[in-house]
Amino acid sequence: MIQHIQIPPFACIIQVKPLTVFAATVASFVLSARGGSAPVTDWSMLRLKEEVVIERLISFLYMELPKHFQATGEKHDFWEFVYVDKGDVFFVTDLGSHDLSQGDIIFYSPNEFHTGHAAGGTAPNLVIMSFVCHSPAIDYFKGKVLHLEQAEQDILYQLLSEGKEAFDPPVGHPRMMVPQSKDGALFGSEQMIKNMLEMLLIRLIRKQTAGAGKIRPESALLATRNEDLFERIVLYLKENVRNNLSFEQICGEFAVGSTIMKNLFKSRANSGVMEYYSMLKLEYAKRQIREGIYSMTEIADQLGYSSVHYFSKHFKKATGFAPTEYARTIAGKTTRKRAPQSVLLLGGDPL
């Protein structure tokens, strides 16, 4: 005799294959439990909003400029920003004029004329990115001059790091003008650049529209103390860039153990403290070369090198150029003329 078994109305038979059957069963169960009558075919996944979408990267440059730098001026049909990493720059646009210093960023909207020149007798370092974006939210940046906080600067420095891996020649190379994909680049490096650029822009819009000054959560206090310590050590290294500090001297100055010091610089700068100190010395040398006040021998002596030969050898190992070659490269940038239109459309000569 066949025995009939009655299944309760909310019972659910889970079937692993196919997945769509399982999803439809769950959807039907939820709708039934809520008294809904919508057909199963109305069940859909959430499509995430994309408020800022970068469609194309036109240029991505890190420029080390001489103190007499002067841009001819230009305009183009895509967005661009210039971030001042070092030095001072005076900018003129259709919307006004601005003095920018380290940490400041200026945006140019499509077809906005802009030009600029080094200011204050400094040899500036600039990050320049131009891109195509048609998202309505991007209009927020029209005529904007902002100052980047540390978290936003960190995103920009991560962008630079990815740019060095993604393109050939890399971002920062004197001959790099138009981004070209690099054979053997790290997996996803170009997508990382797109994502981080979008994230930077979103953060800036969110900060300005939602307001700043919110109280930090208590869990962030340790991070804040580490940030303060890192900044104090970096300031100390910069003040002593013309000396020859040892690792032990740096640790002793701040009463910090070697392990804490190594971990701090690894997390904040992705390098060792002595490697960071050498980088500061190299940046000092490059700035002195661009300003053209001292000879190579005098610069080597200022930085504590035993000879100009040793200085030249170290400089070339770090940059790929001998100091004299670097000086000739920089001299060619004193006045930058506008590039032909065919080049501009691919990212030539921005500022």
Check: Any residue at all in the stretch 2-17 that is more than 44 Å from the chain's Cα centre (by Cα), at pLDDT 55 or above, loosely packed, with under 12 Cβ neighbours inside 10 Å and more than 30 Å from residue 136 (Cβ to Cβ)?
Finding: no
Next item on the list: Please enumerate the residues belonging to the stretch 319-337 that are over 18 Å from residue 293 (Cβ atoms) and at pLDDT below 70.
Entry: 332, 335, 336, 337
Next item on the list: State which residue pairs qualify: first residue touching a residue at least 12 places away in the same chain (Cβ under 8 Å) and inside the stretch 53-65, second residue buried (at least 20 other Cβ atoms within 10 Å of the Cβ) and among the basic types (Lys, Arg) in any location, beta carbons under 8 Å apart, and separation of 6 or more residues or different chains.
Entry: 64/286; 64/290; 65/290
Next item on the list: Answer yes or no: is there a residue in the stretch 71-93 that is aliphatic (A, V, I, L, M), in a loop (DSSP other than H, G, I, E, B) and at pLDDT below 95.
Entry: no
Next item on the list: Could you grab me the full set of residues in the stretch 120-176 that are part of a loop (DSSP other than H, G, I, E, B), of a type in the set (S, T, N, Q) and at pLDDT below 90?
Entry: 122
Notebook entry, point to check: In this structure, is residue 177 farther than 30 Å from residue 209 by Cβ, within 18 Å of the chain's Cα centre (by Cα) and crowded, with 16+ Cβ neighbours inside 10 Å?
Noted result: yes
Next item on the list: Six or more apart or on different chains, Cβ under 8 Å: which pairs go from a residue in the stretch 245-262 that's of a type in the set (Gly, Ala, Ser) to one that's surrounded by 14 or more Cβ atoms within 10 Å (Cβ to Cβ)? Could you list them?
Entry: 257/251; 258/247; 258/251
Check: Within the stretch 54-82, how many residues turn out to be more than 17 Å from the chain's Cα centre (by Cα) and either aromatic (Phe, Trp, Tyr) or under 19 Å from residue 134 (Cα atoms) (or both)?
Finding: 6
Checklist line | Whichever residue in the stretch 250-278 is within 18 Å of the chain's Cα centre (by Cα) and not in a helix (DSSP H, G or I) and, among such residues, is nearest to residue 158 (Cα to Cα) | finding: 270
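Kindly establish whether residue 312 is more than 30 Å from residue 97 (Cβ to Cβ), surrounded by 14 or more Cβ atoms within 10 Å (Cβ to Cβ), polar (S, T, N, Q) and at pLDDT 85 or above. Steps first, answer last, please.
Details: more than 30 Å from residue 97 (Cβ to Cβ): yes; surrounded by 14 or more Cβ atoms within 10 Å (Cβ to Cβ): yes; polar (S, T, N, Q): yes; at pLDDT 85 or above: yes.
Against the criterion (more than 30 Å from residue 97 (Cβ to Cβ), surrounded by 14 or more Cβ atoms within 10 Å (Cβ to Cβ), polar (S, T, N, Q) and at pLDDT 85 or above), residue 312 qualifies.
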Margin query: Restricting to the stretch 160-206, count the residues that are touching a residue at least 12 places away in the same chain (Cβ under 8 Å) and of a type in the set (Lys, Arg).
Written below: 3
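The values are calculated or read from the model by the stated rules, or taken from the named source; none is laboratory data. Since the model is a prediction, treat every value here as computed from it, not as a measurement. Note that each Cβ is placed from the backbone with ideal geometry, even for glycine, and that neighbours are counted across all protein chains shown.
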